[in-house]
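Asker: Take this structure first; my questions come after.
Readers should treat all values here as calculations from the given coordinates under stated rules, not as data from a laboratory. For clarity, every value in this text was computed on a predicted model and none was experimentally measured. Glycine gets a Cβ as well: all are built from the backbone with ideal geometry, and neighbour counts include every protein chain shown.
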Amino acid sequence: MKFFLRLILIGTLSYFLSMIAPWWIIVIVGFLCGLLIPGSSMTVFVSGFLGVGISWMAYAWKLDAENESRFSNIILELLPISDSTILISLIGVVGGLCGGFSSLTGSLLRQPKPKGTSGGYYQ
Amino acid sequence: MRTFKIILSFVVTLALTFVLNTKIGSTPPLGKFLSPFHGFWQNAENERLSVPEHLELEGLQAPVKVHFDDMLIPHIFAENEHDLYMVQGYITAYHRLWQMEMQQFKTAGRLSELLGPDLLDKDRELRRSGMAEGARLSQELMMKEEPEAYANVTAYAEGVNAYISSLSYKDYPIEYKFLDYAPENWTPFKTFLQLKQMANDLSRDERDLEHTNALKIWGAEVFDILYPERLPDLDPIMPTGTKWEFDPLVPDQPTGTYPLLATRGEISKPNPQYGSNSFVVNGNKTANGKTLLANEPDLGLNLPSIWYVAHLNSPEVNVMGSTLPGSPGVVLGFNDSIAWGFTNAKRDLVDWFSIEFRNSKREEYKYDNKWLKTKKVVEEIKVRGGETFYDTIIYTHYGPIAYDQAFQTDKKPINLAMRWTAHDPSKEILALSLMNKAENYEDYVEAFSYYTGPPQNMSFASTTGDIAIWINGKFPVKWEGQGKFLLDGSNSTHEWGDYMPREHLYHVKNPKQNFVSSANQHPGDSTYPYYDYDYNWEYYRNRRINDRLKSMSNIKVKDMIQLQNDNFNYIASESLPMMLSSLDSMPLNLNEQAFYDQLSDWDYFNEADMTEPSMYQLWSNLLYKKIWDEFEDQEVALYTPKIYNTIYLMTNKPDFEFFDDKSTSKIESAGDLMRISFREAADSLAIWEDKNGEYPWYKFKNTSIKHLLGLPAFTKSEVKIGGGRHIVNAASERDGPSWRMVVELGDGKVEAWGIYPGSQTGNPGNPSYAEFVEKWANQKYEKLLFGKNVESNERIIFTQKLTPSK
């Protein structure tokens, strides 16, 4: 359950804090959540990746839908990709990597000692 | 191991954040740029206009209302002039901030600071032409002598800054995000720079050094054939028979020779094709007895557009028209009583003086029998992603030494000082501010007495039926030939002396012909007592306009619009018959015969979807290139003769030595070149057609309204419009009618129509971006909403109320 808790917390905080803070707030959010909510490296990384990635993608998707993709189609002409779905996925990956690595760093700092290989996927 | 993991993960996180926050090459910082909360998504606007209904603005003295109409033109209603110009600055920045600032970077020679080392030479060029110093002097002069008009500039700056300080990264125009920088504070100085930028575009063009080179290569006799000052059949701005009722100042013509230094490199010139048309007809020629004024400046076609349309109202002024983002007030427009328009008054206003230094220290230079001191200024040019560059510029009393051992001379000991009227302090801001309030002819004459440059042919019309034109600006009195070639800086008789007194400048009020017009042609005939030289007069648009105006009567607004959009190709009408008849003796193949037949039936109109204009243009280009091929292998800077003179020579001197192709043993005449180029044109068009299909004129010409950064996604290409170079509808590839306006005045009423190839918004993410381009191309002018009370008009889509902050 910690996985979901962390994921939801990272996603929600990223979404709302990004409205008022610079873009790299996601790195701080990821780091703190990784630090506070324990888990294995893998699960922490995945929850950070998905948390930020989904929140960026969701907001991009919302803006794009409201704009009927008018502007993203113009921007696509400047990029080596041709489809706004790919663009939104790319945004998810960029945000996701920041969320993933920052929460991983937070979690590694917290872990008192290596847990070995035990422990299930969902902790 | 654990520590290692922590460090690794930490470093990866930091590095990732850093990379995504950094611009790499031309790729914007991806984290910032792609974040939907901050980056480009934030520039996507769903509504054409999204501003708050109420806004508190620090510095306002009283409430101001801004009514936006359906064209998104702001109608600013303020209770005093300070608030009026402050809100003009605020609203203009709302629509055009990035463009306003970018123009200043360009003029100040700071492009490499944003765009990197590639722009360094461009920056050095601009700094070496002394514009910033001219702007600084103008600012000082205005501050000291004209505090009231200067206050408009400071109020405007306050407004721009109020807008800038309301922004955070996510609100920046998209171009800031692309290039990854933040807007700077706006200063009054930048407004003065902006006006110098206009001088740079419109009054810096000349060919003095090229003339010197040509004189050196071919001698005086051939020079005069290549570059004659006057040819037959000119149609000057001043109606024939205009009397010059004054005693002119007569400069002393020195004896001796010019320095004949060959120059290879050269500072880039402003686009020589910039021009404009304006024509005014009085009540005797119109259908309803009112006066009509038409104006269109033909400048670079860019997005965001060079013009921003606004209506400014306060108890002191009620004026509307096109404004320059960055300057308070209206530049081209109308008020309740009068209307005015500009076309560029070309004239050689830049001269070059060869400087002889006493020694290699370059601290003193020769002037008659004396040695004068130089002043050295070190320009610091910041370079993005590179080292700061320091350029030492030496100033003489003429002006900056633009060309020297450090710049554009191949390290030869050549030192050329530049003298340009734009180096001098000037009061254009005052002139325009007075003109915005002018009520009659006398006010108009008075207002532009303060105008220095870039010199303009200023047409005028009033509700009382007066029409007029004055050619205003600061013009040195020159002796015959002065400044046409490189001058000798050590010889005081080569220096400029007096300036033409205002009342000696060309002007005419209510001429018998019932109209006035200007299109960058010669201003007067040869009886004018001053030497007024330029290398680049217009020979065609002026004649077409005057031909038409002479024959037109019962003129209505739509006729003025039609004349502005006239596509008659005067050049073709005067050269094609001769070119076609040169083919009489030549056997043609099928393809050539078809080409020939089509051109023989053509009526010389360059309509957008016709193919004949493309055929003619291609043939004509190839022919021109063949005639002047001698210029291609010269090592020094030169320019090829004008098309008008080329046609004159083909007609009157078909055996002129330049028509002979020296690489063949045969001696060619003009006719031979016409035949050879015809064959090439027919062949290459056939090949082109095979590959690309049809070649209608608009595709061949490819008029593009290009984004200032050249980004194709923000650019409108292949706009379907006819016309072209030297045609009244001057829509060429990259320049053309940048604002079209027709004003009707009479019975105490002023009505106006206008259109420009752009949009009020500069944001490519706004649904209204570039929305006027198609209307512009299709002659669909918009009626401009004007009056003292527009608030209740149905065309007002939104009203914003700005109040002083408590």
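Asker: Compute the distance in nm between two label points, each set 7 Å from the Cα along the Cα-to-Cβ direction, one at B:V12 and one at A:I86.
Answerer: Going by the 7 Å Cα→Cβ label model, 2.6 nm.
Asker: Just round it to a whole percent: the fraction of Cα-Cα distances in segment B:480-595 exceeding 24 Å.
Answerer: 56 percent
Asker: Taking neighbour Cβ counts within 10 Å as the exposure measure, how do B:F246, B:F605 sort from fewest upward?
Answerer: B:F246, B:F605
Asker: Can I ask one more? Can you grab the distance from the C-alpha centre of segment B:63-116 to the C-alpha centre of segment B:603-675, Å, no decimals?
Answerer: Cα centroid to Cα centroid, the span is 46 Å.
Asker: Kindly state, to the nearest 0.05, the FRET efficiency for B:L167 paired with B:E387, given R0 = 51 Å and r defined as their beta-carbon distance.
Answerer: Result of the calculation: an efficiency of 0.95.
Asker: Okay, moving on. Please average, across the residues of B:300-313, the number of beta carbons from any other chain that are within 10 Å of each residue's own beta carbon, and give a whole number.
Answerer: Per residue, the number of nearby Cβ atoms from other chains is 0 on average.
Asker: Checking the cross-link filter: which lysines have an alpha carbon closer than 27 Å to that of B:K366, excluding same-chain neighbours under 8 positions apart?
Answerer: List returned: B:K216, B:K375, B:K376, B:K411, B:K412, B:K478, B:K484.
Asker: Shielding by partners for A:18-24, please: the mean number of other protein chain Cβ atoms within 10 Å of each residue's Cβ.
Answerer: 6
Asker: Give me D for chain B in µm² s⁻¹, whole number, from Stokes-Einstein with Rh from the Kirkwood sum over alpha-carbon pairs, 4 °C and 1.567 mPa s.
Answerer: 45 µm²/s
Asker: Taking 0.36 nm per residue of separation and subtracting the Cα-Cα distance, what length does fully extending B:T255 through B:D690 add?
Answerer: Result: 150.5 nm gained on full extension.
Asker: How about segment B:476-535: which GluC sites (Glu not before Pro) there lie in a loop by DSSP and see at most 12 other Cβ atoms within 10 Å?
Answerer: Loop-located and lightly packed - B:E480.
Asker: Still on this structure: What is the spin-label model distance, in nm, from B:K625 to A:N73 if the labels are put 7 Å beyond Cα along the C-beta direction?
Answerer: It is 3.8 nm.
Asker: List the residues, sorted by chain then number, that are 5 or more residues from B:Y531 or on another chain and whose placed amide H is less than 5 Å from its amide H.
Answerer: The answer is B:K478.
Asker: Here is a follow-up. Bin by bin, in steps of 10 Å, what percent of the Cα pairs in segment B:660-806 do you find, going until the bin that has the longest distance?
Answerer: 9, 23, 25, 20, 11, 7, 3, 2, 0
Asker: Once the piece of chain linking B:I667 and B:V378 is laid out straight, how much longer is it, given 0.36 nm per residue of separation minus the C-alpha distance between them?
Answerer: 98.5 nm
Asker: If r is the Cβ-Cβ distance from B:E364 to B:M143 and R0 is 25 Å, what FRET efficiency results, to the nearest 0.05?
Answerer: About 0.15, to the nearest 0.05.
Asker: Next question, about the same structure. What's the extension gain from B:S553 to B:D224 if we count 0.36 nm per residue and subtract their Cα-Cα distance?
Answerer: Full extension from B:S553 to B:D224 adds 114.4 nm.
Asker: So what's the gap between the Cα centers of segment B:1-62 and segment B:754-800, to the nearest angstrom?
Answerer: Centre-to-centre distance over Cα atoms comes out at 32 Å.
Asker: Could I ask something else about it? Which of B:K775, B:K177 comes first, and how do the rest follow, when ranked by fewest Cβ neighbours within 10 Å?
Answerer: Starting with the residue having the fewest Cβ neighbours, the order is B:K775, B:K177.
Asker: Hey, for a label at B:E79 modelled as a point 7 Å past Cα toward Cβ, could you say which residues of segment B:788-806 have their backbone N under 19 Å away?
Answerer: B:789-791, B:800-806
Asker: Follow-up. Kindly give Rg over Rh for the protein assembly as shown, based on alpha-carbon atoms, with the Kirkwood expression for the hydrodynamic radius.
Answerer: Looking at the protein assembly as shown, the ratio lands at 1.02.
Asker: Take B:R384, B:R96 and order them by how many other Cβ atoms sit within 10 Å, fewest up front.
Answerer: Listed from fewest to most nearby Cβ atoms, that is B:R384, B:R96.
Asker: Related question: Step through the table entries B:K706/B:K783; B:K190/B:K801; B:K558/B:K775; B:K346/B:K720, compare each Cα-Cα distance with 20 Å, and write down the pairs that go over it.
Answerer: Violating the 20 Å Cα-Cα cut-off are B:K706/B:K783; B:K190/B:K801; B:K346/B:K720.
Asker: Nearest 500 deg cm²/dmol is fine: what mean residue ellipticity at 222 nm does the protein assembly as shown get from its DSSP H runs of n ≥ 4 alone, each adding -39,500 (n - 2.57), divided by its residue count?
Answerer: -12000 deg cm²/dmol
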